[in-house]
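Peer 1: This is the structure I have questions about; it appears just below.
No lab work stands behind these numbers, since they all come straight from the coordinates. Only a predicted model underlies this, so the values are computations on that prediction, with no experimental measurement involved. Cβ: placed from backbone, ideal geometry, glycine included. Neighbour counts: every protein chain shown.
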Amino acid sequence: MKDKADRSAGNAVIAVDRNYVPMMEVARRKAIRAVASGRAMVLDPASLDRHDNLKGRILLIIFPHARACAESKLLMGRLDRRVMRRDHYQCQYEGCHNRADTIDHIIPLCQGGRTAWQNLVACCLLCNQTKGGRTPEQAGMRLKKVPEAPRAHLFRRFEEILKDGSAA
Ligand SMILES: [Zn+2]
């Protein structure tokens with residue numbers, strides 16, 4: 001962990017693959033070395049232009065050989081697909097062994113529930129219809145487990161960089 005100081009200072013560079021999906025964080029000097037040797041390109045967060053100019057501040061690089069960490073694999077794709085994957089395509093309501101066909105808002109949207117990782121579970125059509133616009137408590141249903149949010153640090157940082165980039 002000799003790159004730890006680099007990371008904790010918020011200096012780590014995010015490496016994205018060809019499709020701009022964040023793959024991992026790399027220490028700044030590693031990023032510079034990769035660009036200098038032609039293995040990576042600097043990605044401008046504002047314009048999304050790629051270049052090999054090492055003079056400015058480097059936040060993102062395109063690193064075609066980057067291997068996806070488990071976290072980024074899990075977080076790829078749309079939120080509903082990610083929730084399905086997290087829940088292994090199984091209905092998350094207790095006593096039900098059906099394959100999930102739908103995504104349920106645990107606290108329904110009509111009761112102020114959010115479309116967020118922690119409020120979404122994979123759910124079969126039957127349970128979803130039974131539950132309707134009610135909370136599990138109101139419907140007398142229980143979840144098999146509390147839905148967890150994955151460590152989303154990498155993606156949060158990536159989004160921050162893009163946001164800052166387009167604001168500048
Ligand atoms: Zn079910």
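Peer 1: Run the simple label-point estimate for Leu143 and Lys55 please: 7 Å along Cα→C-beta, distance reported in nm.
Peer 2: 5.2 nm
Peer 1: Find the percent of Cα-Cα distances in region 88-139 that exceed 13 Å, and round it to a whole number.
Peer 2: 52 percent
Peer 1: List the aspartates and glutamates whose Cα sits under 15 Å from the Cα of Lys30, skipping any in the same chain fewer than 8 residues away.
Peer 2: Asp3, Asp6, Asp52
Peer 1: To the nearest 0.05, how large is the calculated FRET efficiency for Glu160 and Gln111 if R₀ is 35 Å and r is the Cβ-Cβ distance?
Peer 2: 0.70
Peer 1: How much net charge surrounds Ser37 when only other residues with a Cβ under 11 Å from its Cβ are counted (Lys, Arg +1; Asp, Glu -1)?
Peer 2: Local charge sum for Ser37: +2.
Peer 1: Tally Lys and Arg at +1 and Asp and Glu at -1 over the other residues with C-beta under 14 Å from the C-beta of Asn128: what net charge comes out?
Peer 2: Net local charge, Asn128 excluded: -1.
Peer 1: Dividing the convex hull volume of the Cα atoms of region 112-168 by its residue count, what figure in Å³ per residue is obtained?
Peer 2: 115 Å³
Peer 1: Pop the C-beta distance of Arg99 and Arg39 into the FRET formula with R0 = 41 Å and round what comes out to the nearest 0.05.
Peer 2: The pair Arg99/Arg39 has a calculated efficiency of 0.45.
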